[in-house]
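The values are calculated or read from the model by the stated rules, or taken from the named source; none is laboratory data. These numbers come from a predicted model, not from an experiment. Cβ placement follows ideal geometry from the backbone for every residue including glycine, while neighbour counts extend to all protein chains displayed. For the accessible areas, the whole protein counts, side chains as well, though only heavy atoms, and no ligand, DNA or RNA atoms are used. Shrake-Rupley method; radii C 1.70, N 1.55, O 1.52, S 1.80 Å.
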Amino acid sequence: MKLYVYDHCPFCAKARMIFGLKSLPLELRFLLEDDVDTPTEMVGRKTAPILEKPDGSHMAESMEIVHYVDGHQGETVVTPTGENSPIRVWQESAWRPILELSIPRLAEANFPEFATPEARADFKTRQEQNFGDFDELIGRTSELMPGVERQLAELDGVLAGREHVDADDFALYPSLRMLSIVKDVMYPANVRRYMERLEQTTGVGLHFDKAR
Ligand SMILES: N[C@@H](CCC(=O)N[C@@H](CS)C(=O)NCC(=O)O)C(=O)O
């Protein structure tokens, strides 16, 4: 199957994770950020991820893709969890500061969706409308970082002894992957171990090599 993604995108990471966890072959296609036509031809709007199924039809919405692929072949691996599971509650509370720290840094990094100056500029314009001026956001790093590190310390207890895979991983790992673009974040041991285990089992790489 083919999956159309942006490399930095957390929703796209969810859809990629299921292929790695099930060891299913995947043709990954990176869209340019300013390419409106390709996604619109497939699903009627500019969005990612988009799955091209074996019959050539297309499907958007990351968790729908996850469940479709999970049910497509072999035993299912995405055990459902409650909306108020400790991991979901943590992820929701950490989401905004993780975005504020990571978005201006992702925008500067070397991702295939930013391969042209126009594509990179498009992302910046759109995200500054959502999050404000990138220079100001970068300037708030020393204010945002201690809060996120306190939240990571809380998460460390939640992740102690965790070895299994369930639906919570599709909320948590993409968020921590985004955060990995931020340089010098202190990760407690269980969180770090979790990130490394999920990177290995999903094949969806962290951004430590691009951190800034
Ligand atoms: N609910 C969707 C959200 C997907 C989403 O918001 N993707 C972003 C990319 S990270 C997007 O398509 N943004 C609109 C755009 O790029 O113009 C899902 O889970 O797949």
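Would you check which residues across the range 199-212 are within 16 Å of Leu152 (Cβ to Cβ) and open to solvent by 90 Å² or more (accessible area, probe 1.4 Å) and list them? Scanning the range 199-212 gives no hits.
Within the range 189-198, can one find any residue that is among the aromatic types (Phe, Trp, Tyr), open to solvent by less than 60 Å² (accessible area, probe 1.4 Å) and in a helix (DSSP H, G or I)? Checked against the condition, which is being among the aromatic types (Phe, Trp, Tyr), open to solvent by less than 60 Å² (accessible area, probe 1.4 Å) and in a helix (DSSP H, G or I), the range 189-198 yields at least one hit. Within the range 22-34, is there a residue that is more than 16 Å from the ligand (Cβ to nearest atom) and open to solvent by less than 40 Å² (accessible area, probe 1.4 Å)? Scanning the range 22-34, I find at least one residue that is more than 16 Å from the ligand (Cβ to nearest atom) and open to solvent by less than 40 Å² (accessible area, probe 1.4 Å), so the answer is yes.
Being in contact with a Pro (Cβ under 7 Å, 6 or more places away or on another chain) and either outside the structural domain of Ser62 (by TED's automatic domain parsing) or charged (D, E, K, R) (or both) holds for only one residue in Ala171, Ala167, and it is Ala167. Each residue in the range 1-21 was checked for being surrounded by 18 or more Cβ atoms within 10 Å (Cβ to Cβ), away from the ligand (no atom under 12 Å from the Cβ) and of a type in the set (Gly, Ala, Ser), and 0 of them qualify. Restricting attention to the range 35-47 and to residues that are open to solvent by 30 Å² or more (accessible area, probe 1.4 Å) and touching a Lys or Arg at 6+ places or on another chain (Cβ under 7 Å), the residue that is nearest to Ser57 (Cα to Cα) turns out to be Thr40. Here the range 121-163 is the region considered, the condition is being over 21 Å from Ala109 (Cα atoms) and outside any helix (DSSP H, G or I), and the residue that is least open to solvent (accessible area, probe 1.4 Å) is Arg162.
Within the range 173-183, identify whether any single residue is open to solvent by 10 Å² or more (accessible area, probe 1.4 Å), within 23 Å of Asp209 (Cβ to Cβ) and assigned to a loop (DSSP other than H, G, I, E, B), and answer yes or no. Before the answer, list the steps.
In the first step, residues of the range 173-183 are kept if they are open to solvent by 10 Å² or more (accessible area, probe 1.4 Å); the result is 183.
Then keep just the ones that are within 23 Å of Asp209 (Cβ to Cβ); that gives 183.
Those still in the list that are assigned to a loop (DSSP other than H, G, I, E, B) too: 183.
Checked the range 173-183: at least one residue is open to solvent by 10 Å² or more (accessible area, probe 1.4 Å), within 23 Å of Asp209 (Cβ to Cβ) and assigned to a loop (DSSP other than H, G, I, E, B).
Cβ-Cβ contacts under 6 Å between residues 6 or more apart (or on different chains), taken from a first residue in the range 62-88 that is small (Gly, Ala, Ser) to a second residue that is within 13 Å of the ligand (Cβ to nearest atom), are listed as Ser62/Phe11; Ser62/Lys14; Ser62/Ala15; Ser62/Pro49.
The criterion of at least 3 residues that are hydroxyl-bearing (Ser, Thr, Tyr), under 28 Å from Leu152 (Cα atoms) and more than 16 Å from the chain's Cα centre (by Cα) is met by none of the strands (runs of 3 or more DSSP E) wholly inside the range 1-100. For the range 106-120, the criterion of being among the aromatic types (Phe, Trp, Tyr) and open to solvent by 20 Å² or more (accessible area, probe 1.4 Å) is met by none of the residues.
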